[in-house]
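One structure is given here, and the rest of the page talks about it.
The values are calculated or read from the model by the stated rules, or taken from the named source; none is laboratory data. A quick note: this is a predicted structure, and the numbers were derived from the prediction, not measured. So basically every Cβ, Gly included, is an ideal-geometry build from the backbone, and we count neighbours across all protein chains shown.
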Amino acid sequence: MRTVNAYAAISATEPLVPVTIERRDVGAKDVLIEIRYAGVCHSDIHTVRGEWGQMTYPLTVGHEIVGVVAEVGTGVSKHAVGDRVGVGCMVNSCRECAACLAGEEQYCSNGNTGTYASVDRDGTITQGGYSTHVVVDEDFVLRVPEAIPYEAAAPLLCAGITTYSPLRHWKAGPGSRVAVVGLGGLGHMAVKLAHAMGAEVTVLSQSLKKKDDGLRLGADHYYATSDPATFTDLDSSFDLIINTVSAVIDLDAYLGLLALDGTMVNVGAPPQALPIHVFTLFGNRRSFAGSGIGGIRETQEMLDFCAEHGIASDVEVIGATQINQAYERVLASDVRYRFVIDVDTLR
């Protein structure tokens, strides 16, 4: 085992604090990564505050990880010392079920192993990327293209793939009309990706205060959902709606914006239940769906797509001592558009 510096939550109600955590020795198929940057995801906050269920503390979160390979096991063939790499939301899966065999490890029938707050193969609780190093099985390590700066690449490992996957699955592209609900960490990536895929993109945000940003990021249209006229004017307008917000919204109102055979996909994950009236779905043969992250193959595809199209996350880099302040700012929607921790401040 090796001891490394980290930041961790010691309870659901206390601030994160500096700690040391243990990483397993590098096994034959393992990669030791010296972490350079780690993104701050809203999921981190939900998790450490116990909003998605009881946690085991102390807990180090962070599943948007980029860094450099520092050591490889004797059986590793996919990565070499010095490679630019990343780790997203999972670090293992059963690899035997239908989903895993199809390259959809995120839907592993036996439950994939999350980068943090999961039971690892040795029975310990996985600890995430707010730390200086991590040891991960080579099959769950991604190659980060040179074209993407480290700090701007980190959020792609969650926010990027979380929005890329449904856009690909529901075939966003030329001739399709895509609406993105919310312009935050997930939303700004959805806009960039949908635009690069060739879709006509509309942002639906609470107000117009980010309109200039939305248009700069690639949106063709921008509407305020606080204006009731928006839901009248855009009735039956979209083939696909990606809802990125982690709050309860009036699903029936948004579903009414779907055209014939349109789909609304939820990627935001509020802790509360989302009410829906089934009769809303009957009109226009609408569908309401959810989507997780992507599999390893699709995540690599997303990274390569971003490199090809000059896409990266808009980030604000912070030091480790600013993590608790960053959490409060995330909850206040006061970030454009993703906080990323400079892990050198932990060393």
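Some points to look at:
- Index of the failed condition, Leu183 passing every other in (1) within 25 Å of Gly86 (Cβ to Cβ); (2) part of a helix (DSSP H, G or I): (2)
- Unmet criterion (only one of (1) surrounded by 24 or more Cβ atoms within 10 Å (Cβ to Cβ); (2) more than 18 Å from the chain's Cα centre (by Cα)) for Met189: (2)
- One residue from Glu151, Glu71, Glu138 being surrounded by fewer than 22 Cβ atoms within 10 Å (Cβ to Cβ), among the acidic types (Asp, Glu), in contact with a Phe, Trp or Tyr (Cβ under 7 Å, 6 or more places away or on another chain) and at pLDDT 95 or above: Glu151
- Members of segment 1-17 found to be farther than 18 Å from Phe339 by Cα and more than 22 Å from the chain's Cα centre (by Cα), listed by number: Met1, Arg2, Thr3, Val4, Asn5, Ile10, Ser11, Thr13, Glu14
- Taking the criterion of being outside any loop (DSSP other than H, G, I, E, B), in contact with a Ser or Thr (Cβ under 9 Å, 6 or more places away or on another chain) and within 18 Å of Tyr7 (Cα to Cα), the residues of segment 117-135 that qualify are Ile125, Ser131, Val134.
- Asp30 being of a type in the set (D, E, K, R) and either crowded, with 20+ Cβ neighbours inside 10 Å or touching a Ser or Thr at 6+ places or on another chain (Cβ under 6 Å) (or both): yes
- Strands (runs of 3 or more DSSP E) (entirely within segment 233-340) containing at least 1 residues that are under 26 Å from Ser131 (Cβ atoms) and of a type in the set (A, V, I, L, M, F, W, C): 315-318
- Yes/no for Ser291 being surrounded by 13 or more Cβ atoms within 10 Å (Cβ to Cβ), among the hydroxyl-bearing types (Ser, Thr, Tyr), closer than 27 Å to Gly175 by Cβ and free of Cβ contacts under 8 Å to residues at least 40 places away in the same chain: no
- Test for Ser236: is it of a type in the set (Ser, Thr, Tyr) and under 17 Å from Thr280 (Cα atoms): yes
- Counted residues, segment 1-41 - those being assigned to a strand (DSSP E or B) and among the hydroxyl-bearing types (Ser, Thr, Tyr): 4
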